[in-house]
Amino acid sequence: MGFLLEARNVTKTFGGLTAVDNVSIGVKSGEVLAIVGDNGAGKSTLIKMISGVYSPDAGSFYFDDKQVKIEHPRDSLGLGIETIYQDLALAENLNVYSNIFLGREQTKRLLGLIEVLDHSYMYSESRKILERLDIKIPALKSKISTLSGGQRQAVAISRSIYWNARVLIMDEPTAALGIAEQRKVLDLVRSLKQHGIGVIIISHQMHDVFSVADRIVVMRRGQKVADTKRDETNTDEIVKYIVGAETVVT
Amino acid sequence: MKNRKKSLAEFFADRWALFFLVAEIVFFAIVSRGFLTPRGIQIIFFFGTSVFLLSVGETFVIITGGIDLSVGFVMGFASIVAAKLIVVFTESGMAPAAAILVGMVLTFIISLLPGLINGSLVAFLKVPPFIATFSMIGISHGVSELLIEGVPAKNLPHLANVIGNGHLFYYARGKGMSIFSRPELERGEHVLELLPNIVIITFILIAVFSFILKRTRYGQHTYAIGGNVDAALRSGINVKRHLVTVYMVSSFFAGAAGVIYMLQYVTGKADAGAALLLDGIAAVVIGGASLYGGKGTIWRTILGALIIATLETGLRIRGVPTFDKYILVGVILIGAVLVDQIIPERVEEE
Amino acid sequence: MSKSKQEPVVLSEYEARKTAVVLARNWAALFLLFLIVVFSFSGGAGFFSATNLQNVLHLSTTFLILAAAQTFVIISGGIDLSIGFVMGLSSVSAAKIMQILHAGDNPVGMTILIGMFVGLVVAVPPGLVSGILIAKYKVPPFIATLGMWGITNGITLHICEGFPVGFLPQLVTKIGNGFLFFILPGKESWMLIRPDGLSGEEIRSLTRIIPSSTIFVVVLLLILWHILHNTKFGQHNYAIGGNEDAALRSGIHVRRHLIIVYTLSSFLAGIAGVFNVFQTGIGNFTPFTAMYELYAVAAVVIGGASLSGGSGRIFGSVIGVMLIATLENGLSISGVAPFYRFIAVGLILILAVTIDQLFPKLISRRAAA
């Protein structure tokens, strides 16, 4: 099928509730896939399965057309699937480059014996990746707590890209941002496409979805109710799917 | 980091602890004769060892956003374990030096246990640190009393006293310098004593762990967990295991404080560190750490501990009852937090 | 997310777990009953006698008051580490005044009343200051009250110079250790104060019913229960502990409330301190190893409160206190060395929190989606 990452027939239940019911989705390299749906439609559960936070009760994952196991965040990270959650998962008390390298800090050996953090390496590598993505953050030694929302988002994205993300999952990337910053983040998503990365975006904002997505998947009550190319649909149609077509008089 | 303007007030507010310490030293130098002498300064460090050690261990825990209330009683527990072991070893015919060395090493290892339990409770059973470590107070206190059955440990070899109250260098006019051994003195002769042994041990430990916190991945992860547990988890840090080790660091330092107490006072006592709950935590907070986690450095904690130790020694030399120390430490502690509320966030980390 | 067709299933699962949850919620009370039964066997008549049970109650009075104080603070989302030393401050101050007045041959009644008054008054400033620091200057409660821990302890030691304060009127202990009824079987009975002039034989056969201290503390606890459960103040306390922002936005005077809570807590510790003078006949400073404030936290947590605020009950805290007190008393009567008691309290506390951690999952799992 040519998908870079594919989830086939995945199901997840909690107690008596089926949060995701036999859903299949896939994203290609250099493609932006948007997943939309009402609150509680199962979007979050779906991406949490892809990123290994939940393991599915049924279904399978394919990466590069080979079946893979994703049972732990480590598994998906190992495949090159990076997830940026709404809260960005940045340590506010650490600086920019420390966050880019969080959990995978570069070390060097002091006197050939003791492993210490290699600050200058992490600093210069971070500088490079930010330049490559054309992100402007004045001081890489600034703590995250001093940055704006858009800058934080950019740091989170840079972190993923630096670690060779091949698939990037973004949960409501523009939700907490001002207008200007929203545009910058969407520009960044477009440039990720150019780098050949498969992007999955969860969003409520139809405007964002239509401005960056190549394909749109609609979830409703745990099921996939639509999977269409952006050019073959429009906002009204998507909204109808979201609220449930049968209740909409056409 | 270029266009950063700091007002003079911010500059002072940021370093208030340092200025406070200097002011404190100047004050006591003026009002107390004999304070600002090599001997006076060494006394500050000599009696401050427990506070230094406990607060440095506590710094690790507080950076992760936790608290360890048990350090004082783990210290007492360790002082008893060390004393008991050394007495048993010497009685079984071991040379005093070997007995002390083996006893100390074993105590260091045993003192990891309370931390292992605290950390496991906090990390795996999700018991709030306050409760887990308070329970550990009861447990370590109980086990300590059980070990000594109400009588302080006695009959330690004389060598323990020599180490605990000795210095690295001695200098007597006409006799030159000697290392470790105090020269025989005639009446009226003076000897200059430099660097108490226990202060050296203390600062070697502190230097090692300061390095770990500042320069290694372990330290970086400690800050990350305190800053944002979720971020730490998702970036693949083994948060649970890390937390367990952090509580072990804290109880290791409590153990070290206990061992040093044993050398210093040549006994083991269950309540050796009971009064240090305030001092240990106060030093960390005066040093600028936040109880919400993510902030704090060893160097600043040492500054906080020095403020307390200087106060104690200064008052002691002045002959003021040490009760006043508690009042002043309480006031400085609250003052420290108030000052920190006023300072805006610093722009850089280093 | 909700699926209507699934709902009956969820509900019945919930019903099925309800018993377990109810058991878990009241485990402390059940455990207390269990302890009483066990100690009745192991300690025999020594434990399960009216005298001993009254003794447990009598000795727990100050602990009960401190736990009640801590309950208010913990529900509001804070913690008060200073109450142990505030109790010492009040105890020593009250005794010091009584000592001075008594030495000056003042009337006994006046001596006692002024001493009590002073003991209660000195307890107010520590709480007021902590409250202002916490509410107005956003100092974390742990730090503010830890600072006050040091300050009140230092002041206390200053007043008493490191020694208990004695030489008080004899009436003090008579009141403090009085019972509602003293009955000399078949002869006479008295109320509240044990009569003088009884022979040793008569004192031994004297039946004592209900310690006055227990009556007082029960009344005090009922008042506090009423405040917490039936008044606006109590409601606001839960609201602030549950979500301070929401409380603020709904118009509650959060600052003023918190200042009152810490002042109340401190004042209650003052009552405990004065009580301590009446029970022991001397003014006691609080030793470092006592850790009254931490035991109070333990009792409140065992009683089901959460340290993150918003939950807790006076009755729960009472159960927590009685559990610890019964454990200590029962173990000592059963001849267990005192050290094991520290360990036992530690273990019970861990058990308490672990149970609270495990059981909410029974109900909350249904909401996981």
Volume in Å³ per residue [convex hull over Cα atoms, computed for region C:19-361]: 157
For residue A:200, distant residues with modelled amide H under 5 Å away: A:33, A:168, A:169, A:170
In Hz, Karplus ³J(HN,Hα) per residue of region A:116-133 (6.51, -1.76, 1.60; θ = phi - 60°; x = Gly, Pro): 10, 5, 9, 4, 5, 5, 5, 5, 6, 5, 5, 4, 4, 5, 5, 5, 4, 8
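Treating the beta-carbon of each Lys and Arg as +1 and of each Asp and Glu as -1, no other charges, what is the dipole magnitude of region C:19-361 about its Cα centre, to the nearest 20 debye?
Numbers: 16 positive and 12 negative charges, 139 e Å.
The calculated dipole for region C:19-361 is roughly 660 debye.
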Cβ neighbours within 10 Å from other chains - mean over C:346-358: 5
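Can you list the equivalent-ellipsoid semi-axes of region C:258-369, largest first and in whole Å, using the square root of 5 times each Cα gyration tensor eigenvalue?
Values: eigenvalues 174, 95, 22 Å².
Result for region C:258-369: semi-axes of 30, 22, 10 Å.
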Candidates A:223, A:106, A:153, ranked by Gaussian network fluctuation over chain A, Cα under 10 Å, top entry: A:106
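Calculate the mean, over all residues of peptide B:214-221, of how many other protein chain Cβ atoms lie within 10 angstrom of the residue's Cβ. Intermediate values should be presented prior to the final figure.
Details: counts 2, 8, 7, 9, 3, 3, 9, 4.
Other-chain Cβ atoms within 10 Å of each residue's Cβ, averaged: 6.
Taking the square root of 5 times each eigenvalue of the Cα gyration tensor, what semi-axes in Å does the equivalent ellipsoid of the protein assembly as shown have, largest first? Intermediate values should be presented prior to the final figure.
Working: eigenvalues 601, 312, 137 Å².
In descending order, the three semi-axes are 55, 40, 26 Å.
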The protein assembly as shown, helix-only ellipticity at 222 nm - DSSP H runs n ≥ 4, -39,500 (n - 2.57), divided by all residues, nearest 500: -19500 deg cm²/dmol
Shielding by partners, peptide A:80-92 (average Cβ within 10 angstrom, other chains): 4
Cα-only Debye scattering, chain A: base-10 log of I(q)/I(0) at q = 0.10, 0.12, 0.16 Å⁻¹: -0.51, -0.71, -1.18
Cut-off under 5 Å, modelled amide H: who pairs with residue A:14 long-range: A:19
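Rg to Rh for chain B: what is it, with Cα atoms only and Rh by Kirkwood? Don't skip to the end; give the middle numbers.
Working: Rg = 21.1 Å, Rh = 21.3 Å.
Computed over Cα atoms, the ratio is 0.99.
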Residue C:210 versus residue C:170: modelled label distance in nm, points set 7 Å from Cα along the beta carbon direction: 2.8
Relative contact order (%) - chain A, alpha-carbon pairs under 8 angstrom, separation at least six: 27
Charge dipole (region B:12-342, unit charges on Cβ, about Cα centre) - positive-most of B:297, B:256, B:286: B:297
Fluctuation leader among B:235, B:251, B:111 - chain B, Gaussian network, Cα springs under 10 angstrom: B:235
Backbone HN-Hα couplings from phi across region C:161-170 [Karplus 6.51/-1.76/1.60, Hz, Gly and Pro as x]: 6, x, 10, x, 9, x, 6, 9, x, 5
Candidates B:224, B:282, B:232, ranked by Gaussian network fluctuation over chain B, Cα under 10 Å, top entry: B:232
Separation of alpha-carbon centers, region A:46-104 and region C:234-291, rounded to whole Å: 46
Within-15-Å neighbourhood charge of residue C:226 [Cβ basis; K, R +1; D, E -1]: +2
In order through region A:166-177: 3J(HN,Hα) via Karplus (6.51 cos²θ - 1.76 cosθ + 1.60), integer Hz, x for Gly, Pro: 9, 10, 10, 9, 10, 9, 6, x, 10, 4, 9, 10
Sequence-distant residues sharing a close amide H with residue B:268 (under 5 Å, placed H): B:153
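No lab work stands behind these numbers, since they all come straight from the coordinates. Keep in mind that this is a model prediction, so the values were computed, not measured. In this analysis, Cβ positions are derived from the backbone assuming ideal geometry, glycine residues included, and neighbour counts consider all displayed protein chains.
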